[in-house]
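Report on the structure given below.
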Amino acid sequence: MKSVRLTLLVILVSIVFGTLSSVLSYQYIIPNLYRNYWNGTDTASGALPPIIQPKQEVVAESSIIDVAKEVSPSVVSIVVTKNLPTYYNDPFDLFFNDPFSGDPFGNPNRRSIPQQDQPETQKRKVGGGSGFIITQDGLVLTNKHVVDDTQADYTVITKDGTEYKAEVVTKDPLNDMALIRMNTKDGKNVTGMPVVKFVSRIDSVRVGQMAVAIGNALAEFDNTVTVGVISAKGREITASGGYGTESEVLKGLLQTDASINPGNSGGPLVNLSGEVVGMNTAIASNAQGIGFAIPLDEELITKLLSQIQKYGRIVRPFLGVRYTMITPELNKQYNLGTDSGAWIKAEQDLPSVVAGTPAAKAGLKGGDIVVKINGKKIDTKYTLQDAIAEMSPNDVATLTVLRDGKEQEIKVTLEERRDSANTENNNENVNS
């Protein structure tokens, strides 16, 4: 009995001391620790701040919702239709043209009813893409490869389901861009259309910032919204529009992991302020989460609209050379005499200087290295194409050229670059 009593006494004492120590710790010891080490406040009330405050990246869900609500009315679906032949089918062809069944009426030489010489045609949907409205009178920016078929008809469908006829105004001979104009079904001009806004300068776009892509995914799911980040800037790709179209080298692109699918082509890539930073253009077919957009800003759009007003088309200056940008490694390999510049050289069986172009007229030769243009250094950060793009047709460019180890200046009068489909001078694959 004594041992049992002793045991109970020990347990009771343990409980009392345990409770007392807990109360003392909660009231005095822990608050003191917070005051001395964690700068806790309001400890007198017994309210203790958390020991760990984890830093969390918060996704601005409300911003994405606001962006989609603001931009979507300006995003359109582009439906491509074309007259395709339809063939007359004899209901008896099931038997008469079956090589295994013969004539069920006993005449093995009987032939099917002859078809018409000229088959009828029927307008059918053959493709689709996206675009976005940039002027209140219905000028829509989209990809050139979306509206590249000159035999097709184009219909623009807005978010509310209204359909408009569309005519191609111009195609950019340099980039995968085109402008089309919306008209009512009876051919009248439209007014008061909702327009997108653009980032003031593309230089402000940063790698890692969030981006929202909006478009007609798979040419079926209009105004699809996807979210990602700007993964990289200044990418160069060789893109093909499919359907037998030629490949096109696109430079200076934004890379994003926002989901882009066929049909998204021509749709906007937007920042969380609702400003367009690019136009969705291509995807890497052998990967996931790698899409590309042509960078856009207010300065570029203002220039394009000015050209439309003045010339009725997008105008690009043209030099007429193929070149490779020089790096220190390339200089070391070929002993070029400079670590930077544009080395005019042939590509496979294509000439370095295209005959009849401004470069040829000015006397540029294969092997020349353009180290400056109008006094500004040419390097991998400011390429020859970048320099030419800043000018206009008929501008005179002063090229500082390294030839046979000596510098000389050559003046070139730039001309308008034409689409290869509209000129005898085949300009595709020409860098500048």
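In terms of the mean number of neighbouring beta-carbon atoms within 10 Å, the peptides 211-218, 273-280, 160-167 order highest first as 211-218, 273-280, 160-167. Between the residues ASN394, GLY341, LEU304, the greatest Cα displacement towards the positive end of the dipole of segment 281-432, with unit charges on the Cβ of Lys, Arg, Asp and Glu, is found for ASN394. Carbon-plus-sulfur accessible fraction, segment 295-369 (probe radius 1.4 Å, protein heavy atoms only): 49%. Placing a pseudo-label 7 Å from each Cα along the Cα-to-Cβ vector at ASP149 and VAL207 gives an inter-label distance of 3.9 nm.
Each part gets one Cα centre, and for segment 261-298 versus segment 390-415 those centres are 35 Å apart. Seen from all directions on average, segment 293-430 presents a Cα convex hull projection of 9.4 nm². In the assembled protein chains, SER285 presents an accessible area of approximately 120 Å² (probe radius 1.4 Å). The convex hull built on the alpha-carbon positions of segment 254-304 has an orientation-averaged projected area of 3.7 nm².
Per residue, the accessible area of segment 123-192 comes to 45 Å² when a 1.4 Å probe rolls over the protein heavy atoms. Simple rule: put +1 on each Lys or Arg Cβ and -1 on each Asp or Glu Cβ in segment 165-235, find the dipole, and look at VAL168, THR191, THR226; the Cα lying farthest toward the positive end is THR191. Packing here is the average count of other Cβ atoms within 10 Å per residue, and on that basis the peptides 321-333, 402-414, highest first, run 321-333, 402-414. When only the Cβ of Lys, Arg, Asp and Glu is charged (+1, +1, -1, -1), the dipole of segment 142-226 relative to its Cα centre reaches about 400 debye.
The values are calculated or read from the model by the stated rules, or taken from the named source; none is laboratory data. Here the structure is a predicted model, which is why all the values come from computation and not from measurement. Virtual Cβ from ideal backbone geometry, glycine too; neighbours counted across all protein chains shown. Accessible surface is based on the protein model in full, side chains and every heavy atom, while ligands, DNA and RNA are left aside. Shrake-Rupley method; radii C 1.70, N 1.55, O 1.52, S 1.80 Å.
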